[in-house]
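Have a look at this one.
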Amino acid sequence: PQDGLAQAVERELAREELGAAATAWPTPYADPLIRTSVAVGLRLALTTDTSPRAVERYLAGRGLVGCFTPHVYARTADLSRLKPDPHCVDRALAALGAAPGAAVLIGESPADLLAARAAGVRFLGCARDDLRARRLRRAGAEVVVRGLGPVLALVRSGART
């Protein structure tokens, strides 16, 4: 950190993420899940280890900025706060005024699971393939879905009751 290496690495990583944000494909069902969740009154926050500018670019490109603003908690200059540190999850909970027991973190990595646990938040693993599902289960995830379709169906069914 004294010689600026950490800052230089962070700038380069952020530059790469900004470029990727323009062409990134969404997780199937993510956009309708987000929009439906907001429509039925769920309060959302986004917690990520990605550059804040890249997250904003991605959300803007998908028309989703309003679904999260101002509750986007992305990577900060303090790289010791990356997941599994619960810093971004704790910030989201505090800003939303949400009790940890009333929140769910949907994540795709063991680091997401560990951050949720450290924050006292329930965790729903989402894995796009068997390898990722096994990693989440080995890390201790109790519930792992193979996509967001079932979550969207659950939110929609709750909206009808």
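The values are calculated or read from the model by the stated rules, or taken from the named source; none is laboratory data. Note that the coordinates shown come from a computational prediction; the quantities given were computed from them, not determined experimentally. Quick reminder, even Gly has a Cβ in these numbers, built from the backbone with ideal geometry, and neighbours come from all protein chains shown. Just the protein is used for accessible areas: all its heavy atoms, side chains included, with ligands, DNA and RNA removed. Shrake-Rupley method; radii C 1.70, N 1.55, O 1.52, S 1.80 Å.
Scan segment 149-159 and give yes if some residue there is among the basic types (Lys, Arg), assigned to a helix (DSSP H, G or I) and under 15 Å from THR48 (Cβ atoms), otherwise no.
no
Return the pairs, sorted by first residue and then second, in which the second residue is open to solvent by 40 Å² or more (accessible area, probe 1.4 Å) and assigned to a loop (DSSP other than H, G, I, E, B), the first residue lies in segment 43-71 and is over 11 Å from GLU17 (Cβ atoms) and small (Gly, Ala, Ser), the beta carbons are less than 9 Å apart, and the residues are 6+ apart or on different chains.
GLY61/ALA22; GLY61/ALA24
Scanning segment 51-64 for residues that are surrounded by fewer than 19 Cβ atoms within 10 Å (Cβ to Cβ) and under 14 Å from the mean Cα position of the chain (by Cα), which turns out nearest to PRO100 (Cα to Cα)?
PRO52
Considering only segment 129-148, state which residues are part of a loop (DSSP other than H, G, I, E, B) and either over 23 Å from LEU42 (Cβ atoms) or of a type in the set (A, V, I, L, M) (or both).
The answer is ASP129, GLY140, ALA141, VAL143, LEU148.
The rows are residues; the columns are (1) within 27 Å of ARG11 (Cα to Cα); (2) open to solvent by less than 50 Å² (accessible area, probe 1.4 Å); (3) in contact with a strand residue (DSSP E or B) (Cβ under 8 Å, 6 or more places away or on another chain).
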position	(1), (2), (3)
SER80	yes, no, no
ASP90	yes, no, no
LEU93	no, yes, no
LEU96	no, yes, no
ALA111	yes, yes, no
ALA118	no, no, no
ARG122	no, no, yes
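Also: Is there any pair linking a residue in segment 111-130 that is of a type in the set (Lys, Arg) to one that is part of a strand (DSSP E or B), with Cβ under 8 Å and at least six apart or on different chains, and which?
ARG117/PHE123; ARG122/VAL104; ARG122/LEU105
Further question: Please find, within segment 10-37, the residue that is farthest from PRO150 (Cα to Cα) out of those that are part of a helix (DSSP H, G or I), touching a residue at least 24 places away in the same chain (Cβ under 8 Å) and open to solvent by 60 Å² or more (accessible area, probe 1.4 Å). Working first, answer last.
As a first pass, look at segment 10-37 and keep what is part of a helix (DSSP H, G or I): 10-21, 30-37.
From what is left, the residues that are touching a residue at least 24 places away in the same chain (Cβ under 8 Å) are 10, 13-14, 17-18, 20-21, 30-37.
Adding the requirement that they be open to solvent by 60 Å² or more (accessible area, probe 1.4 Å) leaves 13, 35.
On the way: LEU13: 33, ARG35: 15 Å.
For segment 10-37, the residue satisfying everything is LEU13.
Restricting to segment 65-78, give me the number of residues that are under 20 Å from GLU10 (Cβ atoms), crowded, with 17+ Cβ neighbours inside 10 Å and of a type in the set (A, V, I, L, M, F, W, C).
Adding up the residues that qualify gives 2.
Okay, next question. State whether the residues of segment 75-90 include one that is modelled with pLDDT under 95, within 21 Å of THR27 (Cα to Cα) and touching a helix residue (DSSP H, G or I) at 6+ places or on another chain (Cβ under 8 Å).
Yes, because at least one residue in segment 75-90 is modelled with pLDDT under 95, within 21 Å of THR27 (Cα to Cα) and touching a helix residue (DSSP H, G or I) at 6+ places or on another chain (Cβ under 8 Å).
Here's another thing I want to ask about it. What is the number of the single condition among (1) open to solvent by less than 80 Å² (accessible area, probe 1.4 Å); (2) farther than 16 Å from LEU148 by Cα; (3) of a type outside the set (S, T, N, Q); (4) not in a helix (DSSP H, G or I) that ARG43 does not meet?
Exception for ARG43: condition (1).
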